[in-house]
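Below: one structure, written as structure tokens.
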Amino acid sequence: MASLGPTLSSTISCLNLLAELSHNHNTIRIFRALSCNLKPQKSSYHRRLFKSSFSSANSKSSTSNCSKTLGSVLVFNDNLVVLGIETSCDDTAAAVVRSDGEILSQVVSSQADLLERYGGVAPKMAEEAHSQVIDQVVQDALDNANLTESDLSAVAVTIGPGLSLCLRVGVQKARKIAATYQLPIVGVHHMEAHALVARLCDRDLQFPFMALLISGGHNLLVLARDLGHYLQLGTTIDDAIGEAYDKSAKWLGLDLRRSGGPAIEELARQGDAQSVKFSVPMKQHKDCNFSYAGLKTQVKLAIESKNIDAGIPFPSASIEDQRLRADIAASFQRVAVLHLEERCERAIQWALEIEPSIKHLVVSGGVASNQYVRARLHEVVARNSLQLVCPPPSLCTDNGVMIAWTGIENFRLGRFDPPPPAIEPDGCQLDLRPRWPLGEEYGRGRSVARSMRTARIHPSLTSLTQASEYQNS
Ligand code: KG4
Ligand code: ZN
């Protein structure tokens, strides 16, 4: 388990573990005077006070959001309505989701123009773009759901990992709503949300399951044991697959307005995937880690060797040049996905040794919206007698639904914060977690190369969950 050290008190604020408590709308409202998910400068968060206040108030139920405790399992007759806010990267997203799984609204504003102009995400520009649209995106989500803030049971917001400048915009908005309407607030791990949205899509999906989470910044293979409990079987030692798609698209002069992934996927359909001999990364490493930096370089070299000028946009290139670009896109995609397939095959073996009851592989994150990726992974899963669970593309790329749903799942277990104070105390810093691992590393999966990059990493979600459960027991 990662060392929690002095950061634990600040992290608990977002992850109150109040299992075995009943809660409802009314009981939540009594916490308006208590602390928030700010990083206290000196004192620690009053978790025990929160817990005892909560316990003593739980009989005063008068809304339909009631629950009862059976052993350690919360059984909900719930009718929660949660607003989810996501701003960790370049999409400003909000959604309203009900705890029975009904998506009441979903709004995404993407920074297409900025992506095109800068060829990627520029944090300062992205922050500005989030700030410009966040109010409207949230308002639209509420309007489309035919609700107002007063109808909400809680607000969920991504607190990490991601770009801190961008995370801040969403967290500030969520806190403002929660403070004004006295709503509890759930701090969500972006990658946990990518995994858990699969449970919204497939209500039979039970823990434990495996998840391959593939996005612009992350490439994770995890064994999901329970809510908040993840064993990391593999991660990337450098770039994620989405980054390789995005850079390849940029170097091939493609239209980046829908991001590089869809552009490569579309072009690859016209190319010969065997024409350029890229080598599959990390063949000699018999683990489940990933590397895409070398493949990116191979693509760049191939483009240079064929004298392709990325300055000439694809539609303006000659027919022969377009064919070469399509061949590179197809060959890149084949090898990029082969790397996923090989690591998944091994990870499935490892995971089944640890948890023989596993039946599902969830594939989620932006790159999971790719049809070729889905088809190839379907083969892998079928070969291993598992089932593939892939959310629809709109729930694979960043969205507010996954944040709202993860908020609901955590809220049900009492993992939330009380409403923030109307006036934030001086000297408080927002609890943002730009580098925040999801799980604890599986011993066999440890990569030597990765240990170089562990500076300033927040304790993992799993270690915090374990620590909080221990303190609550
Ligand atoms: O999960 P996501 O929306 O944001 C992050 O958390 O990063 O993933 C974005 C990534 C981008 O790299 C984008 O190019 C990639 O997902 N992506 C795709 C496709 N759609 C989005 N990659 C390949 N094929 C796609 N169809
Ligand atoms: Zn994402």
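Determine the per residue accessible area of region 101-228 with all protein chains present and a 1.4 angstrom probe, expressed in square angstrom. The partial results should precede the final answer.
On the way: 4550 Å² over 128 residues.
Here the residues of region 101-228 average 36 Å² of exposed surface.
Using modelled amide H (1.01 Å from N, peptide plane; none on Pro or chain starts), what sits under 5 Å from the amide H of Ala154, excluding residues fewer than 5 places away?
Distant-sequence amide H within range of Ala154: Val81, Leu83.
Taking the Cα-to-Cβ direction at Asp226 and at Tyr470 and moving 7 Å from each Cα, how far apart do the two end points lie in nm?
1.5
Please go through the residue pairs Lys124/Lys296; Lys286/Lys359; Lys173/Lys359; Lys173/Lys300; Lys124/Lys286; Lys124/Lys250 and name each one whose alpha carbons sit more than 32 Å apart in this structure.
Lys173/Lys359; Lys173/Lys300; Lys124/Lys286
Among Gln232, Met210, Ser305, which residue has its Cα positioned farthest towards the positive end of the charge dipole of region 206-305, with +1 placed on the Cβ of Lys and Arg, -1 on the Cβ of Asp and Glu, and the dipole taken about the Cα centre?
Ser305
Testing the spin-label approximation: label points 7 Å from Cα along Cα→Cβ at Leu338 and Ser275. State their distance in nm.
1.7
Please list, in order along region 459-471, the HN-Hα scalar couplings obtained from phi with the Karplus expression 6.51 cos²θ - 1.76 cosθ + 1.60 (θ = phi - 60°), rounded to whole Hz, x for Gly and Pro.
Values, residue by residue: x, 5, 4, 5, 5, 5, 4, 4, 5, 5, 5, 4, 5 Hz.
Treating only the Cβ of Lys, Arg, Asp and Glu as charged (+1, +1, -1, -1), what charge dipole size does region 188-277 show about its Cα centre? Round to the nearest 20 debye.
80
If I take R0 = 22 Å and measure r between the Cβ atoms of Glu353 and Arg446 in this structure, what FRET efficiency does the formula 1/(1 + (r/R0)^6) give, to the nearest 0.05?
Once rounded, the FRET efficiency stands at 0.85.
Apply the Karplus curve 6.51 cos²θ - 1.76 cosθ + 1.60, θ = phi - 60°, to the phi angles in region 198-204 and return the couplings in whole Hz, x for Gly and Pro.
Going residue by residue, I get 5, 6, 6, 6, 10, 5, 8 Hz, with x marking Gly and Pro.
Using only the alpha carbons, work out the radius of gyration and Dmax of region 172-246 in angstrom.
In order Rg, Dmax, the Cα atoms of region 172-246 give 15.4, 43 Å.
Quick one: 3J(HN,Hα) in Hz for region 168-173, Karplus 6.51/-1.76/1.60 with θ = phi - 60°, rounded, Gly and Pro as x.
Karplus values, whole Hz, x for Gly and Pro: 4, 4, x, 5, 5, 5.
Determine the sum of side-chain charges near Tyr230: Lys and Arg each +1, Asp and Glu each -1, restricted to other residues whose C-beta is under 11 angstrom from that of Tyr230.
-3
What residues have an amide H closer than 5 Å to that of Asp239, excluding those fewer than 5 places away on the same chain, when H is modeled at 1.01 Å from N in the peptide plane?
It is Tyr292, Ala293, by chain and number.
Roughly how many nanometres apart are two label points built 7 Å out from the Cα toward the Cβ at Asp143 and His285?
Going by the 7 Å Cα→Cβ label model, 4.8 nm.
The values are calculated or read from the model by the stated rules, or taken from the named source; none is laboratory data. Worth saying up front: this structure is predicted, and the values here are computed from it rather than measured. Every residue, glycine as well, gets a Cβ built from its backbone with ideal geometry; the counts of neighbours run over all protein chains shown. To get the accessible areas, we keep the full protein, side chains included, count just its heavy atoms, and leave off ligands, DNA and RNA. Shrake-Rupley method; radii C 1.70, N 1.55, O 1.52, S 1.80 Å.
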